[in-house]
C-alpha cells in the first residue's frame, strides 16, 4: 500500500481527483437552479460523467432550450472523449470487460494524468486513480451541491447565473492557447449573440458548433488545438501532459 | 420535471458513453485522422465559447446586458490570477449577487 502511494502517477491522480471532485458542488447547485430535479442531476453525474457535457446540458436547459437542444450540445461537446479513448486504449490495452469501465472514466482528467507518464505501469495507475477518484468525488459533491442548491431558493439572488457564466469561462480558458483557438472562441461567441434573437433557445449553441466544426475542417493549424484536457496535472513543464493527441505516446 | 426531460437526459448519457467506448474500439487511425482531430478540437472551443456567450447575455430570445457581464469580467480576472476553478465560480456568483444587491444589475 505504501509503495502504491509512493507512485507519482497515483499521487497526481489523487490530487487531481480532489480538485476536480470538489467542483462537482458547483455542477450540482447549478443543475438544480436550471430546473433539474436532484435525481436528474445525479443521473447526469453518474451516467454521463463528463463535466463539460453536463454543464452544457444544464446550460441549455437554464437558457430555456429544449431537451433535444441540450442533448445536441452535450453530445457534440463529448466528441473529444472519443479521441481521448483512442489514446487510452493504445496506452493501456485494457482487456474486456474492464474496457467498459475504462471507457466510462475516459475524461479530461484521467487522460491528462495518464499521458503525462512514460512508464506503462504508471500510465495505467494514473489513469485508474484519476478516473475512479474523480468519479467517486464528482458524484459525491454533485449530490451535495444539488441538495444545497435546492435549499438556496431564488438562484439569481445568490448570483448562480453569474456562477454559470464563470463556470463556462473556466472550462474554456485552459483551451485558449494560441491565436487560432482565441479566434474560434470570439467568432463562435459573436455568432451566438447574433443568433439568440432569431432562433429558439439552445439552437444558437448548435449553430456556433457548426461554425466551429467547419472551421476545424478547413483549418491547417495544429491538429490538437482545443483537445488539451482542461486540467494540467503537471504544471511545471511536464512532458506532453497537456497534449494527449501529440506524439508523446508510444 | 417532465418525463420528456428524463428521456433526453438518459439518451444523452447513453450517447456520451458510446462516444467514449467508440474511441476504445474504433481502429486508432480512423479517429486519429488529422482533420477529424481538428474538428473535435475546434468544436470543443466553439461550443464552450458559445455557452459562455449565451449564459452571459441571453434571456430567452432576448439579449440582455445585466449583472452577468460583471460576473464574466470578475471570472476572467480570477482566471488571469490563476485561481482554481471553484474559486472562479464563486467569484462569478459573488460579482453577480453584489451587482444586484447594489442595484446595478
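Bear in mind that the values in this text are calculations on the coordinates, not laboratory data. Values in this document were obtained by computation on a predicted structure and should not be read as measured data. Cβ coordinates were reconstructed from backbone atoms using ideal geometry, including for glycine residues, and neighbour counts include every protein chain displayed.
What the table below lists for this structure:
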| item | result |
| --- | --- |
| Fewest-first ranking of A:144, B:21, using other Cβ atoms within 10 Å as the exposure measure | A:144, B:21 |
| Most to least packed among A:44-53, A:9-18, A:97-106 [average Cβ atoms within 10 Å] | A:44-53, A:9-18, A:97-106 |
| Rel. contact order, % - alpha carbon contacts under 8 angstrom, at least six apart, chain B | 18 percent |
| Using a Förster distance of 45 Å, the FRET efficiency for residue A:93-residue A:190 (Cβ separation, nearest 0.05) | 0.55 |
| Averaged over B:79-86, number of beta-carbon atoms from partner chains that fall within 10 Å | 5 |
| Euclidean distance of C-alpha centroids, region A:117-135 and region B:8-48, integer Å | 21 Å |
| Highest average packing first - A:78-91, A:116-129, B:55-68, Cβ atoms within 10 Å | A:78-91, A:116-129, B:55-68 |
| Folded to 0 to 90 degrees: helix A:120-152 orientation relative to chain A principal axis, Cα | 30 degrees |
| Acute angle (nearest 10 degrees) that the helix A:179-195 long axis makes with the longest principal axis of chain A, alpha-carbon atoms | 30 degrees |
| Where the Cα pairs of chain B fall when distances are cut into 10 Å bins, in % | 13, 25, 28, 26, 7, 1 |
| Per-pair calculated FRET efficiency, R0 = 51 Å: residue A:147 and residue B:33 via Cβ, rounded to 0.05 | 0.70 |
| Label-to-label distance, nm, for residues given as residue B:15 and residue A:157 (7 Å Cα→Cβ offset) | 3.7 nm |
| Sites residue A:5 and residue A:177 - FRET efficiency at Förster radius 25 Å, r taken between beta-carbons, to 0.05 | 0.20 |
| Over chain B: helical MRE at 222 nm, DSSP H runs n ≥ 4 each giving -39500 (n - 2.57), nearest 500 | -26000 deg cm²/dmol |
| Relative contact order of chain A, pairs being alpha-carbon contacts under 8 Å that are 6 or more residues apart, as % | 30 percent |
| Fewest-first ranking of A:168, A:141, using other Cβ atoms within 10 Å as the exposure measure | A:141, A:168 |
